[in-house]
Amino acid sequence: MKQFLVFVRKEFRHIFRDRRTMLLLLGMPVVQILLFGFALTNEVKDTAVAVFDPSKDYATRQIKERFEASAYFTLREELTDADRIDKVFHDGKTGLVIVFSQHFADDLMQGGEAAVQLLTDGTDPNQAVMITGYASGILADYAADLVRRQGGGTYLIKPVVRSLYNPQAKSSYNFVPGVMGMILMLICAMMTSISIVREKETGTMEVLLVSPMRPIYILLSKAVPYMVLSALNLATILLLSVFVLGVPVAGNLLLLLGISLLFIFLALSLGLLISNMVSSQMAAMLASGMGLMMPVMLLSGLIFPIESMPRILQYISTLVPARWYIDAVRRIMIQGVELRFVAKDILILVVMTAVLLTVSLKRFKTRLS
(Lines give C-alpha, C1' and ligand atoms only; values in the text may rest on other atoms or scores of the structure.)
Protein backbone atom coordinates (compact mmCIF):
# COMPACT_ATOMS: atom_id res chain seq x y z
CA MET A 1 0.00 0.00 0.00
CA LYS A 2 2.84 2.36 0.84
CA GLN A 3 4.45 1.75 -2.56
CA PHE A 4 1.12 2.38 -4.24
CA LEU A 5 0.80 5.78 -2.51
CA VAL A 6 4.33 6.66 -3.57
CA PHE A 7 3.44 6.04 -7.20
CA VAL A 8 0.24 8.06 -6.83
CA ARG A 9 2.20 11.03 -5.41
CA LYS A 10 4.70 10.70 -8.25
CA GLU A 11 1.91 10.84 -10.83
CA PHE A 12 0.42 13.92 -9.16
CA ARG A 13 3.81 15.63 -9.36
CA HIS A 14 4.09 14.85 -13.07
CA ILE A 15 0.65 16.30 -13.69
CA PHE A 16 1.30 19.47 -11.67
CA ARG A 17 4.60 20.05 -13.48
CA ASP A 18 2.91 19.89 -16.90
CA ARG A 19 1.08 23.18 -17.24
CA ARG A 20 -0.63 22.17 -20.48
CA THR A 21 -2.14 19.09 -18.83
CA MET A 22 -3.31 21.18 -15.88
CA LEU A 23 -4.87 23.67 -18.30
CA LEU A 24 -6.73 20.91 -20.10
CA LEU A 25 -7.91 19.23 -16.91
CA LEU A 26 -9.02 22.31 -14.98
CA GLY A 27 -9.38 25.08 -17.56
CA MET A 28 -11.17 23.32 -20.41
CA PRO A 29 -14.28 22.34 -18.38
CA VAL A 30 -14.69 25.97 -17.28
CA VAL A 31 -14.40 27.22 -20.87
CA GLN A 32 -16.78 24.59 -22.16
CA ILE A 33 -19.52 25.17 -19.58
CA LEU A 34 -19.37 28.93 -20.18
CA LEU A 35 -19.43 28.58 -23.97
CA PHE A 36 -22.16 25.96 -24.03
CA GLY A 37 -24.16 27.79 -21.38
CA PHE A 38 -24.17 31.16 -23.12
CA ALA A 39 -23.70 30.30 -26.81
CA LEU A 40 -26.12 27.36 -27.07
CA THR A 41 -29.31 29.33 -27.33
CA ASN A 42 -31.93 29.65 -30.02
CA GLU A 43 -33.49 32.62 -28.26
CA VAL A 44 -33.56 35.79 -30.33
CA LYS A 45 -32.29 38.96 -28.68
CA ASP A 46 -31.66 42.50 -29.90
CA THR A 47 -32.75 41.78 -33.46
CA ALA A 48 -32.16 44.86 -35.59
CA VAL A 49 -35.43 46.22 -37.00
CA ALA A 50 -36.01 48.60 -39.89
CA VAL A 51 -39.44 50.21 -40.39
CA PHE A 52 -41.13 51.53 -43.51
CA ASP A 53 -44.02 53.65 -42.26
CA PRO A 54 -45.89 55.66 -44.92
CA SER A 55 -48.78 56.21 -42.49
CA LYS A 56 -46.83 57.95 -39.68
CA ASP A 57 -49.86 58.07 -37.37
CA TYR A 58 -50.24 57.61 -33.62
CA ALA A 59 -50.89 53.85 -33.92
CA THR A 60 -47.71 53.10 -35.84
CA ARG A 61 -45.75 55.33 -33.46
CA GLN A 62 -47.05 53.41 -30.43
CA ILE A 63 -46.25 50.06 -32.06
CA LYS A 64 -42.71 51.17 -32.84
CA GLU A 65 -42.29 52.24 -29.21
CA ARG A 66 -43.33 48.75 -28.13
CA PHE A 67 -40.77 47.16 -30.42
CA GLU A 68 -38.10 49.52 -29.10
CA ALA A 69 -39.01 48.64 -25.49
CA SER A 70 -38.85 44.89 -26.17
CA ALA A 71 -35.72 42.94 -25.25
CA TYR A 72 -36.06 41.03 -28.51
CA PHE A 73 -35.80 43.97 -30.89
CA THR A 74 -33.79 47.14 -31.45
CA LEU A 75 -35.16 49.78 -33.81
CA ARG A 76 -32.24 50.71 -36.08
CA GLU A 77 -33.59 52.52 -39.11
CA GLU A 78 -36.64 54.33 -40.47
CA LEU A 79 -36.85 53.65 -44.19
CA THR A 80 -38.06 56.44 -46.44
CA ASP A 81 -38.21 54.32 -49.58
CA ALA A 82 -39.48 50.77 -50.03
CA ASP A 83 -36.69 50.13 -52.54
CA ARG A 84 -34.18 50.18 -49.66
CA ILE A 85 -35.60 47.01 -48.10
CA ASP A 86 -33.37 44.69 -50.12
CA LYS A 87 -30.32 46.85 -49.38
CA VAL A 88 -30.73 46.74 -45.60
CA PHE A 89 -30.91 42.95 -45.76
CA HIS A 90 -27.87 42.78 -48.05
CA ASP A 91 -25.93 44.90 -45.56
CA GLY A 92 -26.46 42.13 -43.02
CA LYS A 93 -27.43 44.51 -40.23
CA THR A 94 -31.20 43.98 -40.21
CA GLY A 95 -33.15 40.90 -39.17
CA LEU A 96 -36.68 42.24 -39.58
CA VAL A 97 -38.37 44.91 -41.70
CA ILE A 98 -41.84 46.09 -40.66
CA VAL A 99 -43.97 47.61 -43.43
CA PHE A 100 -47.14 49.42 -42.33
CA SER A 101 -50.08 50.06 -44.65
CA GLN A 102 -50.71 53.52 -46.09
CA HIS A 103 -53.57 54.41 -43.70
CA PHE A 104 -52.84 52.08 -40.82
CA ALA A 105 -54.70 53.85 -37.98
CA ASP A 106 -57.76 54.59 -40.11
CA ASP A 107 -57.98 50.97 -41.24
CA LEU A 108 -57.64 49.77 -37.66
CA MET A 109 -60.12 52.14 -36.01
CA GLN A 110 -62.75 52.33 -38.74
CA GLY A 111 -62.57 48.89 -40.31
CA GLY A 112 -61.37 46.99 -37.25
CA GLU A 113 -58.50 45.39 -39.18
CA ALA A 114 -55.15 46.62 -40.45
CA ALA A 115 -52.33 44.80 -42.22
CA VAL A 116 -48.61 44.82 -41.41
CA GLN A 117 -45.94 43.13 -43.49
CA LEU A 118 -43.18 41.34 -41.55
CA LEU A 119 -40.20 40.71 -43.82
CA THR A 120 -37.36 38.50 -42.59
CA ASP A 121 -34.12 37.09 -43.98
CA GLY A 122 -34.95 33.47 -44.80
CA THR A 123 -31.32 32.34 -45.02
CA ASP A 124 -31.81 31.14 -41.43
CA PRO A 125 -35.40 29.83 -41.47
CA ASN A 126 -35.51 28.83 -37.79
CA GLN A 127 -34.44 32.28 -36.65
CA ALA A 128 -36.86 33.89 -39.11
CA VAL A 129 -39.78 31.92 -37.63
CA MET A 130 -38.86 32.99 -34.09
CA ILE A 131 -38.44 36.64 -35.07
CA THR A 132 -41.83 36.81 -36.78
CA GLY A 133 -43.38 34.95 -33.85
CA TYR A 134 -42.11 37.53 -31.35
CA ALA A 135 -43.16 40.39 -33.64
CA SER A 136 -46.65 38.94 -34.13
CA GLY A 137 -46.98 38.65 -30.36
CA ILE A 138 -46.20 42.35 -29.90
CA LEU A 139 -48.78 43.29 -32.54
CA ALA A 140 -51.41 41.04 -30.91
CA ASP A 141 -50.73 42.57 -27.48
CA TYR A 142 -51.18 46.07 -28.90
CA ALA A 143 -54.52 45.09 -30.48
CA ALA A 144 -55.67 43.57 -27.16
CA ASP A 145 -54.68 46.73 -25.26
CA LEU A 146 -56.58 48.79 -27.81
CA VAL A 147 -59.73 46.75 -27.13
CA ARG A 148 -59.37 47.41 -23.40
CA ARG A 149 -58.78 51.13 -23.89
CA GLN A 150 -61.75 51.47 -26.20
CA GLY A 151 -63.99 49.54 -23.82
CA GLY A 152 -64.81 46.80 -26.32
CA GLY A 153 -65.01 46.36 -30.05
CA THR A 154 -62.92 44.31 -32.42
CA TYR A 155 -59.47 45.42 -33.47
CA LEU A 156 -57.27 43.07 -35.42
CA ILE A 157 -53.74 43.58 -36.70
CA LYS A 158 -53.06 41.01 -39.38
CA PRO A 159 -49.33 40.27 -39.86
CA VAL A 160 -48.41 39.23 -43.39
CA VAL A 161 -45.17 37.27 -43.08
CA ARG A 162 -42.71 37.00 -45.96
CA SER A 163 -39.45 35.11 -45.78
CA LEU A 164 -37.11 36.68 -48.33
CA TYR A 165 -34.49 34.63 -50.24
CA ASN A 166 -35.87 31.35 -48.87
CA PRO A 167 -39.66 31.29 -49.22
CA GLN A 168 -39.77 27.48 -48.86
CA ALA A 169 -37.97 27.78 -45.47
CA LYS A 170 -35.46 25.06 -46.38
CA SER A 171 -32.99 24.46 -43.55
CA SER A 172 -30.28 23.48 -46.06
CA TYR A 173 -30.09 27.14 -47.16
CA ASN A 174 -28.75 27.96 -43.71
CA PHE A 175 -26.65 24.91 -42.89
CA VAL A 176 -24.85 24.27 -46.20
CA PRO A 177 -22.77 27.51 -46.14
CA GLY A 178 -22.00 26.90 -42.47
CA VAL A 179 -20.97 23.30 -43.01
CA MET A 180 -18.79 24.43 -45.92
CA GLY A 181 -16.91 26.73 -43.56
CA MET A 182 -16.51 24.05 -40.91
CA ILE A 183 -15.32 21.36 -43.34
CA LEU A 184 -12.79 23.58 -45.09
CA MET A 185 -11.44 24.99 -41.82
CA LEU A 186 -11.01 21.65 -40.05
CA ILE A 187 -9.78 19.58 -42.99
CA CYS A 188 -7.34 22.17 -44.34
CA ALA A 189 -5.91 23.05 -40.92
CA MET A 190 -5.58 19.38 -39.97
CA MET A 191 -3.82 18.47 -43.23
CA THR A 192 -1.13 21.10 -42.92
CA SER A 193 -0.77 20.97 -39.13
CA ILE A 194 1.01 17.63 -39.34
CA SER A 195 3.25 18.53 -42.29
CA ILE A 196 6.19 20.20 -40.51
CA VAL A 197 5.86 17.99 -37.43
CA ARG A 198 6.08 14.92 -39.67
CA GLU A 199 9.36 16.21 -41.11
CA LYS A 200 10.74 16.61 -37.58
CA GLU A 201 9.62 13.17 -36.45
CA THR A 202 10.98 11.40 -39.54
CA GLY A 203 14.29 13.27 -39.37
CA THR A 204 14.02 14.89 -42.79
CA MET A 205 13.80 18.44 -41.47
CA GLU A 206 17.59 18.71 -41.56
CA VAL A 207 17.53 18.23 -45.34
CA LEU A 208 15.05 21.09 -45.72
CA LEU A 209 17.01 23.40 -43.45
CA VAL A 210 20.32 22.95 -45.30
CA SER A 211 18.64 23.53 -48.67
CA PRO A 212 19.08 26.95 -50.33
CA MET A 213 15.33 27.61 -50.06
CA ARG A 214 14.19 30.44 -47.82
CA PRO A 215 11.81 29.59 -44.94
CA ILE A 216 8.88 31.34 -46.63
CA TYR A 217 9.22 29.05 -49.66
CA ILE A 218 9.49 25.97 -47.46
CA LEU A 219 6.23 26.90 -45.76
CA LEU A 220 4.49 27.69 -49.05
CA SER A 221 5.73 24.45 -50.58
CA LYS A 222 3.96 22.66 -47.74
CA ALA A 223 0.73 24.53 -48.42
CA VAL A 224 0.49 24.33 -52.24
CA PRO A 225 -0.31 20.59 -52.60
CA TYR A 226 -2.98 20.83 -49.92
CA MET A 227 -4.31 23.96 -51.62
CA VAL A 228 -4.90 21.98 -54.81
CA LEU A 229 -6.54 19.09 -52.96
CA SER A 230 -8.72 21.51 -50.98
CA ALA A 231 -9.81 23.19 -54.21
CA LEU A 232 -11.01 19.77 -55.43
CA ASN A 233 -12.87 19.36 -52.13
CA LEU A 234 -14.47 22.76 -52.65
CA ALA A 235 -15.66 21.80 -56.15
CA THR A 236 -17.15 18.58 -54.79
CA ILE A 237 -18.92 20.38 -51.95
CA LEU A 238 -20.43 22.98 -54.29
CA LEU A 239 -21.62 20.36 -56.80
CA LEU A 240 -23.28 18.31 -54.06
CA SER A 241 -24.83 21.44 -52.51
CA VAL A 242 -26.38 22.59 -55.79
CA PHE A 243 -27.38 19.33 -57.49
CA VAL A 244 -28.11 17.08 -54.50
CA LEU A 245 -29.20 19.42 -51.68
CA GLY A 246 -30.82 21.98 -53.98
CA VAL A 247 -29.07 25.04 -52.54
CA PRO A 248 -28.77 27.73 -55.24
CA VAL A 249 -25.83 29.95 -56.05
CA ALA A 250 -27.77 33.17 -56.52
CA GLY A 251 -24.68 35.39 -56.61
CA ASN A 252 -21.52 35.50 -58.70
CA LEU A 253 -19.90 32.05 -58.87
CA LEU A 254 -16.42 33.50 -59.42
CA LEU A 255 -16.81 35.67 -56.32
CA LEU A 256 -17.86 32.61 -54.32
CA LEU A 257 -14.88 30.60 -55.61
CA GLY A 258 -12.49 33.48 -54.92
CA ILE A 259 -13.49 33.97 -51.30
CA SER A 260 -13.53 30.18 -50.77
CA LEU A 261 -9.95 29.85 -52.07
CA LEU A 262 -8.92 32.74 -49.81
CA PHE A 263 -10.49 30.97 -46.83
CA ILE A 264 -8.74 27.71 -47.77
CA PHE A 265 -5.39 29.50 -47.83
CA LEU A 266 -6.19 31.03 -44.43
CA ALA A 267 -7.02 27.60 -42.98
CA LEU A 268 -3.79 26.18 -44.42
CA SER A 269 -1.83 29.06 -42.87
CA LEU A 270 -3.45 28.34 -39.52
CA GLY A 271 -2.46 24.68 -39.87
CA LEU A 272 1.14 25.68 -40.57
CA LEU A 273 1.16 27.85 -37.44
CA ILE A 274 -0.14 24.95 -35.35
CA SER A 275 2.50 22.70 -36.92
CA ASN A 276 5.22 25.13 -35.84
CA MET A 277 3.96 25.28 -32.25
CA VAL A 278 3.66 21.58 -31.41
CA SER A 279 6.21 18.78 -31.33
CA SER A 280 4.23 15.69 -32.35
CA GLN A 281 1.71 14.70 -35.01
CA MET A 282 -0.78 13.60 -32.37
CA ALA A 283 -0.62 17.00 -30.66
CA ALA A 284 -1.00 18.71 -34.03
CA MET A 285 -4.12 16.70 -34.86
CA LEU A 286 -5.66 17.35 -31.44
CA ALA A 287 -4.96 21.09 -31.68
CA SER A 288 -6.32 21.41 -35.22
CA GLY A 289 -9.26 19.06 -34.73
CA MET A 290 -10.48 19.40 -31.15
CA GLY A 291 -9.10 22.91 -30.67
CA LEU A 292 -10.83 24.38 -33.73
CA MET A 293 -14.07 22.42 -33.82
CA MET A 294 -15.72 24.03 -30.79
CA PRO A 295 -15.06 27.67 -31.78
CA VAL A 296 -16.17 26.98 -35.37
CA MET A 297 -19.38 25.27 -34.29
CA LEU A 298 -20.36 27.67 -31.49
CA LEU A 299 -18.91 31.07 -32.36
CA SER A 300 -19.15 31.29 -36.15
CA GLY A 301 -22.91 31.57 -36.56
CA LEU A 302 -23.02 28.03 -37.97
CA ILE A 303 -25.75 26.89 -35.57
CA PHE A 304 -26.51 29.69 -33.12
CA PRO A 305 -27.10 33.39 -33.95
CA ILE A 306 -24.18 35.54 -32.87
CA GLU A 307 -26.48 38.51 -32.15
CA SER A 308 -28.13 36.56 -29.32
CA MET A 309 -24.85 35.79 -27.53
CA PRO A 310 -23.44 37.86 -24.63
CA ARG A 311 -21.39 40.82 -25.77
CA ILE A 312 -18.07 39.27 -24.68
CA LEU A 313 -18.70 36.18 -26.84
CA GLN A 314 -19.62 38.39 -29.77
CA TYR A 315 -16.22 40.08 -29.45
CA ILE A 316 -14.44 36.72 -29.21
CA SER A 317 -16.31 35.46 -32.29
CA THR A 318 -14.66 38.18 -34.39
CA LEU A 319 -11.41 36.21 -34.02
CA VAL A 320 -12.96 33.09 -35.57
CA PRO A 321 -12.21 33.17 -39.33
CA ALA A 322 -15.13 30.87 -40.15
CA ARG A 323 -17.56 33.54 -38.92
CA TRP A 324 -16.62 35.92 -41.73
CA TYR A 325 -16.48 33.21 -44.38
CA ILE A 326 -19.87 31.73 -43.47
CA ASP A 327 -21.44 35.19 -43.40
CA ALA A 328 -20.07 36.01 -46.86
CA VAL A 329 -21.01 32.64 -48.39
CA ARG A 330 -24.57 32.82 -47.09
CA ARG A 331 -25.07 36.23 -48.61
CA ILE A 332 -23.45 35.31 -51.93
CA MET A 333 -25.20 31.95 -52.35
CA ILE A 334 -28.64 32.77 -50.92
CA GLN A 335 -29.09 36.54 -51.23
CA GLY A 336 -27.04 36.96 -54.40
CA VAL A 337 -25.22 40.07 -53.16
CA GLU A 338 -22.49 41.90 -55.03
CA LEU A 339 -18.83 42.28 -54.04
CA ARG A 340 -19.36 45.53 -52.13
CA PHE A 341 -21.68 43.83 -49.63
CA VAL A 342 -19.06 41.25 -48.64
CA ALA A 343 -16.00 43.52 -48.96
CA LYS A 344 -15.67 43.77 -45.17
CA ASP A 345 -15.64 39.97 -44.78
CA ILE A 346 -13.02 39.61 -47.52
CA LEU A 347 -10.80 42.32 -46.03
CA ILE A 348 -10.88 40.68 -42.59
CA LEU A 349 -10.00 37.29 -44.09
CA VAL A 350 -7.10 38.83 -46.02
CA VAL A 351 -5.73 40.46 -42.86
CA MET A 352 -6.10 37.25 -40.87
CA THR A 353 -4.30 35.27 -43.58
CA ALA A 354 -1.41 37.74 -43.65
CA VAL A 355 -1.09 37.68 -39.86
CA LEU A 356 -1.15 33.88 -39.64
CA LEU A 357 1.39 33.46 -42.42
CA THR A 358 3.69 36.08 -40.87
CA VAL A 359 3.51 34.51 -37.41
CA SER A 360 4.10 31.06 -38.92
CA LEU A 361 7.24 32.38 -40.63
CA LYS A 362 8.46 34.02 -37.42
CA ARG A 363 7.94 30.82 -35.42
CA PHE A 364 9.55 28.60 -38.02
CA LYS A 365 12.82 27.41 -36.47
CA THR A 366 15.71 27.27 -38.91
CA ARG A 367 17.75 25.27 -36.39
CA LEU A 368 16.75 22.06 -34.71
CA SER A 369 17.21 21.84 -30.97
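Annotations for the structure displayed:
- The residue that is farthest from ILE131 (Cα to Cα), counting only those in segment 284-305 that are of a type in the set (A, V, I, L, M) and free of Cβ contacts under 8 Å to residues at least 60 places away in the same chain, is LEU286.
- Every pair of residues 6+ apart whose Cβ atoms lie under 7 Å, when the first sits in segment 88-109 and is in contact (Cβ under 8 Å) with a residue 40 or more places away in the chain while the second is open to solvent by 60 Å² or more (accessible area, probe 1.4 Å) and among the aromatic types (Phe, Trp, Tyr): ALA105/TYR58
- Helices (runs of 4 or more DSSP H) completely within segment 202-307 that count 1 or more residues being modelled with pLDDT of 85 or more: 215-243, 253-277
- Only a single criterion out of (1) in a helix (DSSP H, G or I); (2) modelled with pLDDT of 80 or more; (3) open to solvent by less than 30 Å² (accessible area, probe 1.4 Å) is not satisfied by GLY27, namely (2).
- Each residue in segment 55-68 was checked for being over 29 Å from ARG311 (Cα atoms) and surrounded by 15 or more Cβ atoms within 10 Å (Cβ to Cβ), and 4 of them qualify.
- Count - residues of segment 156-178 that are farther than 19 Å from VAL99 by Cβ, surrounded by fewer than 17 Cβ atoms within 10 Å (Cβ to Cβ) and among the β-branched types (Val, Ile, Thr): 0
- Segment 105-155, residues that are surrounded by fewer than 18 Cβ atoms within 10 Å (Cβ to Cβ), assigned to a strand (DSSP E or B) and touching a Leu at 6+ places or on another chain (Cβ under 8 Å): GLU113
- Failed criterion for ALA71 (all others in (1) within 27 Å of ARG311 (Cα to Cα); (2) in a loop (DSSP other than H, G, I, E, B); (3) at pLDDT 85 or above hold): (3)
- Residue list for segment 159-199, filter: farther than 15 Å from MET285 by Cα and assigned to a loop (DSSP other than H, G, I, E, B): TYR165, ASN166, PRO167, GLN168, ALA169, LYS170, SER171
The values are calculated or read from the model by the stated rules, or taken from the named source; none is laboratory data. These numbers were taken from a predicted model, which means no experiment stands behind them. Heads up, the Cβs are rebuilt from the backbone with ideal geometry, glycines too, and the neighbour counts pull from every protein chain shown. All accessible areas refer to the heavy atoms of the entire protein, side chains included, with ligands and DNA or RNA removed. Shrake-Rupley method; radii C 1.70, N 1.55, O 1.52, S 1.80 Å.
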